[in-house]
Amino acid sequence: MSNFHIHVDAFELAPNFERFLVETCGFYRSDFAGHPEGVEGFEPPHHLTWKVRDGDEFRACFDQVVSRAKHTGAMRGYVEGEFIAADLDITARSFDADIAAPFQIEKTPLAPGGFRESEVHITLDRDRSDPRLLGALTQMGFFAAYIPKPYGIAEIFTAQGSRSDVSRLLPATVDFLKAAGGAVSCSVKEERVAAWWVSDRNVTLPPVIGRLQRL
């Protein structure tokens with residue numbers, strides 16, 4: 001497993017900066033493919049990824065990318081460096097509609113100049129997972145985006161915020177997925193932010209957990 005990830009999430013991306021990311025740094029495009037109808041989406045149009053196991057190599061690459069990104073016109077968006085704190089697989093089983101949701105997330109905008117501390121990603125096969133589970137995760141307050149995978153389209157459900165909020169949400173999420181079933185090709189990750197940079201104060205960032213209500 002690669003312990004560190006860097007993502008370039010851009011609403012505007014200059015071709016010469018993308019060439020630098022791909023040809024010099026070894027990034028690859030991992031663009032999202034939209035989000036479910038009827039809900040708000042937060043995925044940027046340009047999403048490039050780089051993964052590594054070594055912390056020193058991670059920091060050197062992050063600093064190099066941000067230094068180049070600060071050049072006028074290179075990109076508009078944000079760069080996030082993450083440490084993979086947890087990566088758990090969920091065994092597929094039939095959906096049990098009697099399993100109640102354990103919590104409700106009330107989302108709130110990030111404070112100006114802030115950035116999330118951590119996040120939970122639930123990644124599963126959109127088309128083979130039970131639609132009732134997908135609906136339950138949406139009702140619990142996760143937001144979602146689609147991304148292509150070798151098996152088809154994955155749906156990634158995300159909740160992000162402080163380390164303390166994510167530490168409370170993660171075990172309850174895993175327990176719910178194991179008990180409720182309905183998830184196919186499912187994994188749950190906690191990705192903690194190790195470094196970040198935002199191009200300007202007008203960039204819209206995804207919301208964070210404002211309140212986690214136990215049900």
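Quick note: the coordinates plus some simple rules give every number you see, no bench work behind them. What you are looking at is a predicted structure, and each value in this text was computed from that prediction instead of being measured. Using ideal geometry, Cβ is built from the backbone for each residue, glycine included, and neighbour counts are taken over all protein chains shown.
Measuring between their Cα centroids, the range 98-153 and the range 1-78 lie 21 Å from each other. Projecting the Cα positions of 209, 65, 44 onto the charge dipole of the chain (unit charges on Cβ atoms of Lys, Arg, Asp and Glu, taken about the Cα centre) puts 209 furthest along the positive direction.
Taking every C-alpha pair closer than 8 Å and separated by at least 6 residues, the mean separation divided by the residue count of the chain gives a relative contact order of 31 percent. Applying the Karplus relation 6.51 cos²θ - 1.76 cosθ + 1.60 with θ = phi - 60° to the range 97-106 yields 3J(HN,Hα) values of 5, 7, 7, 7, 5, x, 7, 10, 8, 9 Hz, where x marks Gly and Pro. Ignoring aspartates and glutamates fewer than eight residues from residue 107 along the same chain, the ones with Cα atoms less than 14 angstrom from its Cα are 40, 119, 165. Using a cut-off of 20 Å between Cα atoms, the listed pairs 51/178; 51/149; 149/189 include 51/178 as exceeding that distance.
Paramagnetic label reach from residue 3 (point 7 Å along Cα→Cβ; backbone nitrogen cut-off under 19 Å): within the range 87-124, residues 87-88, 118-119. Taking amide H atoms as placed 1.01 Å from N in the peptide plane, the amide H of residue 182 lies under 5 Å from those of 93, 94, 95, each 5 or more residues away in sequence or on another chain. Semi-axis lengths, largest first, of the ellipsoid equivalent to the chain are 30, 18, 16 Å, with √(5λ) applied to each eigenvalue of the Cα gyration tensor.
Averaging sequence separations of C-alpha pairs under 8 Å and six or more residues apart, then dividing by the length of the range 46-156, give the relative contact order as a whole percent.
It rounds to 21 percent for the range 46-156.
Note on the chain: helix-only mean residue ellipticity at 222 nm, from DSSP H runs of 4+ residues weighted -39500 (n - 2.57) and normalised by residue number, equals -7000 deg cm²/dmol. Largest first, the extents of the alpha carbon coordinates of the range 111-215 on the three principal axes equal 39, 33, 22 Å.
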